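Enquirer: Below you'll find the structure I mean.
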Number of protein chains: 2
Amino acid sequence: MLQHRFFRKALLSSIAPLLLSGMLVAQITPVSASDHGHHKAHAKFNKAGELARPANFREWVFIGAPVTPKDMNNDKPAFPEFHYVYIDPVSWVHWKKTGEFRDGTMIAKELVSVGSKSSASGSGYFPGDYVGPVAVSVKDTKRFAKSSNWGYFVFGDDKAQSAATDESCVACHKTNAAKDMVFTQYWTVLRAASPKK
Amino acid sequence: MLQHRFFRKALLSSIAPLLLSGMLVAQITPVSASDHGHHKAHAKFNKAGELARPANFREWVFIGAPVTPKDMNNDKPAFPEFHYVYIDPVSWVHWKKTGEFRDGTMIAKELVSVGSKSSASGSGYFPGDYVGPVAVSVKDTKRFAKSSNWGYFVFGDDKAQSAATDESCVACHKTNAAKDMVFTQYWTVLRAASPKK
């Protein structure tokens, strides 16, 4: 069910976003997480309210990598299989200062298959190849006020994408995420960097 | 055995390095992976040949996260349990251009416990907290010529550390790593970014 919804969302396109207000300043190219001079927002929306696919998010700050393997989920995990999750570097700097997600925070989740289950370092799950779409969440208190301030987007090869109209992302994050719609309970990197210990 | 050696190395200190030649230019602070103007080496060695603990490696470019859980390794994995692995951003830029590890490449591995085995997204392994020392490998064709050009370091809370005199790191990487002493077979991020497909 979750998987079905996830991939269905990847097919959605050109649907008007929930809210068109609160245009963010465009800034897609990655900057150093230590570059405090760069405080422009990363999320870039076009006039139709679609989010531009974030460029170079693999160079953002990594926050964690759960794995939901096929062989532990009847061959059909909701998100197969490793989840590599990143936060944009400007919001990372803000998080380190405040322990909060600023307006404009972007979090990207990319999926990687399990490539093998044993290696020189023992038994376990070892990464294989990229699979499936890229999921991106954006905090925007004006644009996404009706969905707890976050919008959820799923990119296939699209250059821009509308927010998911399906409510499954919002509902799951609202019910299960530890802090401000984000699963900080799994993001060791964020917890360790927060000034709110 | 592997675990024993790993932690033993964390206790080593102030032992003269294998080679003192090839002093690298100091540059520890992180720079943007997209900042092509910054091509100084990151590895910083002191006069005794000890490597300075790399600062802010959690802001380097993430390359992969295998997991060797306790419950799949008789409670004693060599490296418990998630391995979060990063490459320094200057060497990442070089890798993207060439598909090779430049002299001065640093790769850091940090360990994270398994915090839980089920979540809203299914069954699997979900990250817990940081555990154990930080392992860092440095490519230096002069300094580490005798060990296939790479030196291996394990940091507890040390500010500087000598290269491991124990040969287990070198031996395992030499036998099992796919490319130039690096386990690229598990680093999806590196493979995808290499111009050598």
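The values are calculated or read from the model by the stated rules, or taken from the named source; none is laboratory data. Keep in mind the model is a prediction, meaning the values are calculated, not measured. Virtual Cβ from ideal backbone geometry, glycine too; neighbours counted across all protein chains shown.
Enquirer: Of the residues B:A164, B:A160, which is on the phi < 0 side of the Ramachandran plot and touching a Lys or Arg at 6+ places or on another chain (Cβ under 6 Å)? Break it down into steps so the answer makes sense when it comes.
Expert: Numbers: B:A160 fails: touching a Lys or Arg at 6+ places or on another chain (Cβ under 6 Å).
The match here is B:A164.
Enquirer: Quick one: would you say B:S168 is at pLDDT 95 or above and of a type outside the set (A, V, I, L, M, F, W, C)?
Expert: Taking the combined requirement at face value, the residue does not satisfy it.
Enquirer: Now for a different question. Looking at (1) closer than 15 Å to A:F45 by Cβ; (2) more than 13 Å from chain B (Cβ to nearest Cβ), can you tell me which one A:P133 breaks?
Expert: Unmet condition: (1).
Enquirer: Here is a further query. Given B:V85, B:V93, B:V67, which one is among the β-branched types (V, I, T) and more than 20 Å from A:G115 (Cα to Cα)? Talk me through it step by step, then tell me what you get.
Expert: On the way: B:V85 fails: more than 20 Å from A:G115 (Cα to Cα); B:V67 fails: more than 20 Å from A:G115 (Cα to Cα).
B:V93 is the lone residue from the list that is among the β-branched types (V, I, T) and more than 20 Å from A:G115 (Cα to Cα).
Enquirer: Report, by residue number, each residue of the range B:74-110 that is more than 9 Å from every other protein chain (Cβ to nearest Cβ), part of a loop (DSSP other than H, G, I, E, B) and among the hydrophobic types (A, V, I, L, M, F, W, C).
Expert: B:F101
Enquirer: Might you let me know whether the range B:112-129 holds any residue that is more than 22 Å from A:R58 (Cα to Cα), more than 9 Å from chain A (Cβ to nearest Cβ) and touching a residue at least 60 places away in the same chain (Cβ under 8 Å)?
Expert: The answer is no; no qualifying residue exists.
Enquirer: Taking B:A120, is it touching a Cys at 6+ places or on another chain (Cβ under 7 Å) and either assigned by TED's automatic domain parsing to the domain that holds B:K44 or modelled with pLDDT of 95 or more (or both)?
Expert: On the way: touching a Cys at 6+ places or on another chain (Cβ under 7 Å): yes; either assigned by TED's automatic domain parsing to the domain that holds B:K44 or modelled with pLDDT of 95 or more (or both): yes.
Taking the combined requirement at face value, the residue satisfies it.
Enquirer: Take the residues in the range A:120-177 that are part of a loop (DSSP other than H, G, I, E, B) and closer than 30 Å to B:K70 by Cβ, then tell me which one is farthest from the chain's Cα centre (by Cα).
Expert: A:A120
Enquirer: Hey, another quick one. What do you reckon, is B:A160 in the same structural domain as B:F62 (by TED's automatic domain parsing) and in contact with a strand residue (DSSP E or B) (Cβ under 8 Å, 6 or more places away or on another chain)? Before you say what the answer is, go through the steps one by one.
Expert: Numbers: in the same structural domain as B:F62 (by TED's automatic domain parsing): yes; in contact with a strand residue (DSSP E or B) (Cβ under 8 Å, 6 or more places away or on another chain): yes.
Yes: the conditions hold for B:A160.
Enquirer: Name every residue in the range A:156-169 that is within 10 Å of A:R53 (Cβ to Cβ), hydrophobic (A, V, I, L, M, F, W, C) and surrounded by 20 or more Cβ atoms within 10 Å (Cβ to Cβ), in order of residue number.
Expert: Initially, the range A:156-169 is screened for residues within 10 Å of A:R53 (Cβ to Cβ), giving A:156-161.
From the residues that got through so far, the ones that are hydrophobic (A, V, I, L, M, F, W, C) too are A:160.
None; the set is empty.
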